[in-house]
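Coordinate-derived values only; no laboratory data. These numbers come from a predicted model, not from an experiment. All Cβ positions, glycine included, derive from the backbone under ideal geometry; neighbour counts span all protein chains shown.
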Amino acid sequence: MTIFEPMKAPFAFCILMYCLLSAAYPQNLDIDLLHSINSGNSASWDNTNKVFSRSMMPVSIAAPVGFFLYGLLAQDSAAKRNSMVIGAGLLMSGIITIGMKYSFNRPRPFMTYPFIIKKGEGGGPSFPSGHTSSAFATATSLSLCYPKWYVIVPSCLWASAVGYSRMALGVHYPSDVLVGAIIGVGSSLLMWKANKQIADNR
């Protein structure tokens with residue numbers, strides 16, 4: 001089995017989800033929902049969404065690196081394993097997201113619809129949302145590795161805020177965010193299960 005074998009199932013599932021979403025939710029509904037989220041926000045609310053959007057990268061990097069360093073310093077093998085699981089989930093979600101972005105090559109909403117205001121950073125193809133997939137991959141891995149309410153609740157709220165911010169800033173459709181979340185959750189769940197199976201077989 002090659003390194004790409006585990007990625008086939010979630011990639012195929014996300015393509016299926018896109019087809020189902022396209023059939024169930026016409027483009028008009030997608031853009032109408034985005035317009036309602038993107039329009040009429042105050043400057044302070046826009047700045048809040050920018051903070052959440054920009055937090056994705058530092059938080060997603062800090063989580064695996066922080067647990068790995070803690071594992072080294074505290075001689076905690078479980079923390080080091082968990083850091084690998086978090087990193088693997090992020091890597092897998094990133095590969096699937098990039099592959100889908102350039103396969104579908106969907107333009108950003110502000111490029112197609114003049115009434116959508118671009119309020120934040122966003123380049124390249126729109127579908128799916130990379131920020132959302134990475135945020136949900138991080139939140140899911142943290143929740144699986146440390147299943148405590150004080151880890152799960154803040155992680156999920158943060159990931160949801162990142163996803164919402166991408167719509168509020170006008171750089172992603174709701175369907176981009178939904179499929180991005182599915183990729184993130186699915187990738188991290190798959191990596192967590194793979195790690196658990198390896199550990200059980202030792």
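Using packing as a proxy for protection, rank 69-75, 52-58, 113-119 so that the peptide with the highest average count of other Cβ atoms within 10 Å comes first.
Averaged packing, sorted descending, gives the order 52-58, 113-119, 69-75.
Ranked from highest to lowest mean number of other Cβ atoms within 10 Å per residue, what is the order of the peptides 177-184, 128-135, 87-94?
Highest-to-lowest ranking by the protection proxy: 128-135, 177-184, 87-94.
Could you tell me the convex hull volume per residue, in Å³, taken over the Cα atoms of the stretch 43-201? Before the final figure, lay out the partial values.
On the way: hull volume 16.7 nm³, N = 159.
Cα-based convex hull of the stretch 43-201, divided per residue, equals 105 Å³.
In terms of the Cα gyration tensor, with a ≥ b ≥ c the square roots of its eigenvalues, is the stretch 145-202 rounded because a/c is under 1.5, prolate because a/b exceeds b/c, or oblate?
On the way: a/c = 5.27, a/b = 1.88, b/c = 2.80.
Because a/c hits 1.5 or more and a/b fails to exceed b/c, the stretch 145-202 counts as oblate.
For the stretch 79-152, take N as its residue count and report Rg(C-alpha) divided by 2.2 N^0.38 Å. It would help to have the intermediate numbers written out before the result.
Working: Rg = 15.6 Å, N = 74, 2.2 N^0.38 = 11.3 Å.
Dividing the Cα Rg of the stretch 79-152 by 2.2 N^0.38 Å gives 1.38.
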